[in-house]
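The structure appears right after this line, and notes come after that.
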Amino acid sequence: MDFARRSAKVGRRQFAEGALGPLMQRLSTALEVVTGAMKCYVVFLAEAPGFQHVHLHVIPRLVDAPPERVGIGAMQYLAVPNSESVSHDEMDRISTKIREKMTHQQETP
C-alpha cells in the first residue's frame, strides 16, 4: 500500500487494494500485546482543516480506562496537554516494540 498517495475518501483506489485490513489487524494485535490493551479502536478521519486526507487513529483500549475515555471518548486523548502525555522517549520505545511485533507477525505464517 502506497501511503504517499493521499486521499480524502476511503473509497479511493489505495484502500481498495486490500492492504488496509491486514495492516490494521497486524497493528492492532501488536499494539494490544505491547500495551496490554484489551482491544483497539480504529478511527478514520478526513475532515480537519489542513488535513484533507484520511487519518487512521489506532487507540489502545486499556483495562483501566476511565468511562469517559471508552468508545468515541478515547478521542479525548488527542487533547491531553503534553505534560500529561506519554514522553517522546516512551513513544519511541513503544513504537519500536510495535514494529518488532509487526515484523514478527509478517514473518510468521
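The values are calculated or read from the model by the stated rules, or taken from the named source; none is laboratory data. Predicted model, so just to flag it, every value in this text is computed and none were measured. No Cβ is skipped: glycine too gets one built from the backbone with ideal geometry, and neighbour counts run over all protein chains shown.
Some points to look at:
- D92 fulfils the conditions (1) closer than 23 Å to L20 by Cα; (2) at pLDDT 95 or above except for a single criterion, (1).
- Restricting the range 49-108 to residues that are assigned to a strand (DSSP E or B) and touching a helix residue (DSSP H, G or I) at 6+ places or on another chain (Cβ under 6 Å), the residue that is surrounded by the fewest Cβ atoms within 10 Å (Cβ to Cβ): V58
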